[in-house]
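Please read the structure below before turning to the comments.
The values are calculated or read from the model by the stated rules, or taken from the named source; none is laboratory data. Not measured: the values here are computed from a predicted model. All Cβ positions, even for glycine, are placed from backbone atoms using ideal geometry, and neighbour counts span all protein chains on display.
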Amino acid sequence: MPLELLQLAATASQTAAGSGLPTGRMLIWILLFPLIGMTIWGILGKRLRRETVGTLASLAIGLSFIFSLGFFLAMLVREGHGAYTYTYYTWIAAGKWFSIPFGLRFDHLSAVMALVVTGVSTVIHIYSIGYMRHDHAYWRFFCYLNLFVFFMLMLVLGDNLLMMFVGWEGVGLCSYLLIGFWYDDRNHPAETNEQGTGNAIAGKKAFIVNRIGDFGFVLGIFFIFVTFSLMTNDSAELQKAYAGAAKQLHVTDVEQITPLKFSHLKAIIESWPEGSHLPVMVLTLIGIFLFVGAAGKSAQIPLYVWLPDAMAGPTPVSALIHAATMVTAGVYMVARMSFIYVEAPTAMMVVAGIGALTALFAATIGLAQNDIKKVLAYSTVSQLGYMFIAVGVGAYAFGIFHLMTHAFFKACLFLGSGAVIDFMHHKQDIRGYGGLRKYLPITHITWVIAAYAIAGLPFLSGFYSKDAILEKAFEFAPHGMHWFGYAVFGMGLAGAILTAFYMTRVTALTFWGTPRIPEEKLATFKKPPGTMKAALVILAFLAIIGGYINIPAWWSSDHKGGQYFVTWVQHWTKDKVAEERHFVQHGGAAHDEKAGHDEKAGDDGKAQNDGDKEAAEKPHKEGSEVHEGMSLGMLAFLLTLLSVGVAVIGVAAGMAKYGVKKTGAVPPAEGEKLTPLHAMIKNKYWIDELYEGTLVDPIHAGSKYVLWQGIDVFIIDAFVDGLAWFTLRIGAWVRRLQTGLIPVYVIFMVAGLVAMLIYFFAYGILEMPTFFIKGGGK
Amino acid sequence: MNPSGIQLFLKQNFDIQTVMPLIVVAATALLVLLLEATIRGKSRTFLTAVSLVGLGVALLLTLFNFPGAKQSSFYGMVRTDAFAQFFTVIALAAGSLTLLLSANYLPKIKSDTGEFHALVLLAVCGMILMAIGNDLIVLFLGIETMSIAMYILCGIRVDAEKSNESSLKYLLLGAFASAFLLFGIALIYGATGTTNIEALINSGGVLYGISGIKEYQWDTGAYQFAETAAQYFFILGVAFVFLGFAFKIGAVPFHMWTPDVYQGAPTSVTGFMAVGVKAAAFAALIRVFLGIVDFGDLYSSNAIAYQPLMDLKDVLLGVIWLVAVLTMTLGNLSALIQTNLKRMLAFSSIAHAGYALVGVSVALRLSGDDRDAAVGAVMFYLLAYMFMNLGAFGVVIMMNRGNDEGEHLHDYNGLASYRPLVAAAMAVFMFSLAGIPPTAGFVGKFYIFSAAVSAGTVEGYGLYFYSLAIIGVLNSIISVYYYLYPLRNMYFVSAEREHKVELRPLMSASILISTIFVLWIGVMPKGFLSRALEGAKALFFG
């Protein structure tokens, strides 16, 4: 079993080293390597050789990865698998109740994230050595990339919401810098206007759309503080909760509890006194505000529009930031705050609903895109939708699981597309490809593996994670509304068909069939260097095996083994479904007291579910309701068959339309007439134009004509300029006093003295010298 | 074995250790003169080295071998407390930096004489005397020693008309101010029978004793003759002494000489004057005037309704308040329209004296730790100001090509493109002078204005001190305009022609040291501030 093997390996390595486990204090090194790297490339990079910068930058991230791995192994062998936490200093302190530590938290959830981030980053850094080999700003690229990893690790490892927010903004900044990396770009001359080059505009768009999301995130943080700080709320329940939390956290004084710290907030909510209700309305609001932030960062409806444009950045950036790591930060954040979402079913509905809509909607757009990276971009949006389905239906650990497998196969796909683009001299249109398997065999194999993984074909990683998500969605019933779960499931399933279809389409058009440009020309193109191939192979390997750390429950003989990954992550997340599963399997013996709060466990859920055809119900004795008539394993198995079925259908349809040799269809060229439906999805439902027309243009016009040319020029500027003019006039007047004549200067001095004496008299400490008048002495 | 009576007497009153730095500097000055007379036709770098060694030894003595706290000697004439130590260090550092700056500058203006070094050293002697002086006579001696050296230094360019004008103006007006100062000292002596500051402050009884009247009725007649006269002389004396110090500080309206004198003097002398003379004058001002506040407090603690001297504190506060406001505002407004960088810095130095006066005015009202904080802020500010202003003058010197060339703002056009390091150093100094973090100037202003705000919390003084802080901040904003102007020229305007800017080692060293200290103080002010606070605490008699 992998877990045992890992434990064995960890114990062995530890014994070999002859030293104790690492201490929490060393956590900072995970962050420091990229930061040091960034500083050096930023200052000296220009003078160093390209290979040096690339190799050492990869090494810096590699060291971070090794440290993360070390901590992970240490956690495995540690008693109770306890998390590593360390508080370095008080970062912000204001008054008695507001104190934000600079602390790191390497727990079950962030361990996974840190490993994925550093691991995938290392591979992509190595790839970039090859991919960016011709770029003149090589050092700048690696500087930004290392900075990005630093901020991403801060986001992941920070032990409170504010540190997470700093990381959150930091990765946003790096994203902006890297999307516009080729800001003087020649590739998009048509899009260049007075606002900048096409790439710069794309960077700006990403930044601005993210600001909208971040505003929601900040509001969420504010609400959390206002609701859960004793500074602003001294209700009896909260005080009791604080007392309970203090006991749970083993702190002596409630003043040491700060509600912006994850562990403390969790303890407060878990210690909420029996018999009084959590403020569900506020929690729902908090959940929705936080999700607005997540939707911005993770490109969900309606804030997804920046991600496809972000493909303007170099391809390794698309792979690292816009597929594997940064865009998944929203999912991570929701999983991190899972203890809030489980108490707010309405917020969960919003998350799951938006996730499902996005999963389906983006998949439809992906059907008709002809730019290889745009297809992958919409695919990313769609897959992020699946992750939000998972965290929305309360299967947080499965969301993180899909996040991880997606990081592997999507990074592999992006890097594969990078290899193709590099080979094809930066042409990105799949209509100009075809037949590349002959020229790029390794890229082709890795691509096919990753494409089938994302399509959800069995035995590849994507299958395990996506299938599990759909299964959980099926069981989801917020407020007892089973139809909602079915709808989410249905949309997910439809999205899965489309995913299988468009991935087959892009694979066939790129690698299969006959080349659409002359073969003799293709033969002269340069093949990608070894570093790029190595990265592809590593990621394809991970895309195959990544799923096996969490095999479906029904695979194992006793129906509970195999869920290593999910069990691990559930140390932090409060997976609703998993809990119920847990006590179904154990006959309800291990009942969590929180289940009493769960809406799903309510009394009204039972009646609605009676006619369910997949599973005949037998009410659980705790009142919790699951599909139990048919054995749970059976239901899961049927659902799995269903999703395998749709994946196969999607692939088959794609093969039939595009994959058949010679007759394979090629999408119509630009300017050809399209059917209305085709035109609609090819033009992305004209959403960008809609936003442009309804939001961007009015705001732009308002800013330009009212704020700038009106208020700024006529009121503010006029006032400031007038003040400056006035001040200068006074200055000029004062200068005239400076005549250069000594008598004048003396007069001023004497005048000053006289004025001082007059003041003394006026104040009364000097009086008219009566003693002179009245004659001296007695 | 107990020391015999005579030994104890000598130890208490002729402790040579207390004036050791002074002796070292004075001896070096004489040595330099001797060397100048004996060694002819050689480079004056040797003299610079000798002078620097002397100053260095004195600096080491001051820093590491300064007599214990509150020790007074020579019959109470000098007092070597942490306050004196702080200002001695400023004087020595200012002298050293000035000599470093001058080493390559003097040949350029054809004034490469040995006297220059000796005069700078003698001026430093005067400043040290002002820092350690505990007697009005000693302070006067210090001021005159310093001033006479400065008069000559201003006119050291014998062939330059402006330099002569500068020297003459300074001499005439300085003599005028000194006369007032001396007259003021005489009046105070007449009223109290002492010139010793410590005695003066402890002499509540002396002044009171002159009258010999126990129950005082304010509205009765000639009966109170003696007492009223003493009080009258005393207050007049205070006003005259204030004029004397305010002249040296360059406070409005006694500032009129500064632009003319500063502009005419050789630039390194201007820098020296702007920081060294000012700091020394502030040392004397703080020692005398904050002492007098204590003097007033003594009366209140004696519970004698001696209203006039109680009020003296408030009146002085009002005077210094007004002077501070006028000084800041006029200095900044005048600097605003200058096109010659040297003249602009001269006016700006007036404004900086105004900021420091804010701290003095605040300290007059506060007591205890708050007062220490205010005085400490002034001391800290003067230290920070020394480095940033001498640094800025250093860059001006570096740009100078003999005469006045290279001083105009447009001479700085595009400097950043061909001398990026010099431009960067200038940027640091300008940011610091404007009070922008993370530089020393920001921290200094922050401490001063926050002292003003904390004084504003004293009942009944809110309007006084909040308005002072606000006016100070507004002035800072005005100053940003003219400090950033050279930066604009250096970084955003392209050069019509590149000026020849020589990076000579000594001069560069001086600028480098200033830059390091400006940033060091700005980033880690704690150590410097705690030394200043120590000094402030030592100042007040317990």
(request) Spot the failing condition for A:Gly740; the list is (1) surrounded by 12 or more Cβ atoms within 10 Å (Cβ to Cβ); (2) facing chain B (nearest Cβ under 8 Å), and only one is missed. (result) (1)
(request) Confirm whether B:Val480 is modelled with pLDDT of 90 or more and under 19 Å from B:Val378 (Cα atoms). (result) no
(request) Go through the residues of the range B:73-82 one by one and say whether even a single one is under 30 Å from B:Thr195 (Cα atoms), surrounded by fewer than 21 Cβ atoms within 10 Å (Cβ to Cβ) and of a type in the set (S, T, N, Q). (result) no
(request) Please note which helices (runs of 4 or more DSSP H) are completely contained in the range B:455-542 and include at least 2 residues that are within 29 Å of B:Leu52 (Cβ to Cβ) and of a type in the set (Ser, Thr, Tyr). (result) B:505-523
(message) Quick test for you: out of A:Lys704, A:Lys673, A:Lys657, pick the one residue that is away from every other protein chain (no Cβ under 14 Å), out of contact with any His (no Cβ under 7 Å at 6 or more places or on another chain), at negative phi and not in a helix (DSSP H, G or I).
(response) A:Lys673
(message) Cβ contacts < 8 Å: first residue under 25 Å from A:Leu509 (Cα atoms), restricted to the range A:352-369; second residue in a loop (DSSP other than H, G, I, E, B), any location; separation 6+ or different chain. Result?
(response) A:Phe361/A:Ile301; A:Ala362/A:Tyr304; A:Ala368/A:Pro667
(request) Give the residue, chosen from A:Gly752, A:Gly731, that is within 14 Å of another protein chain (Cβ to nearest Cβ), in contact with a Ser or Thr (Cβ under 9 Å, 6 or more places away or on another chain) and part of a helix (DSSP H, G or I). (result) A:Gly731
(request) Looking at (1) within 30 Å of B:Leu336 (Cβ to Cβ); (2) at pLDDT below 85, find the lone condition where A:Met680 falls short. (result) (1)
(request) Hey, can you tell me all the residues within the range B:7-64 that are of a type in the set (S, T, N, Q) and modelled with pLDDT of 80 or more? (result) B:Gln17, B:Thr18, B:Thr28, B:Thr38, B:Thr45, B:Thr48, B:Ser51, B:Thr62
(request) From the list A:Asp697, A:Asp721, pick out the single residue that is more than 30 Å from B:Tyr232 (Cα to Cα), within 14 Å of chain B (Cβ to nearest Cβ) and exposed (fewer than 12 other Cβ atoms within 10 Å of the Cβ). (result) A:Asp721
(request) Could you name every one of the helices (runs of 4 or more DSSP H) located completely within the range B:134-237 that has at least 3 residues being away from chain A (no Cβ under 12 Å), modelled with pLDDT under 70 and touching a helix residue (DSSP H, G or I) at 6+ places or on another chain (Cβ under 7 Å)? (result) B:204-211
(request) Of all residues in the range A:73-118, count the ones that are part of a helix (DSSP H, G or I) and polar (S, T, N, Q). (result) 2
(message) Need a quick list: helices (runs of 4 or more DSSP H) entirely within the range A:216-318 having at least 1 residues that are over 29 Å from A:Phe148 (Cβ atoms).
(response) A:236-249, A:262-270, A:280-297
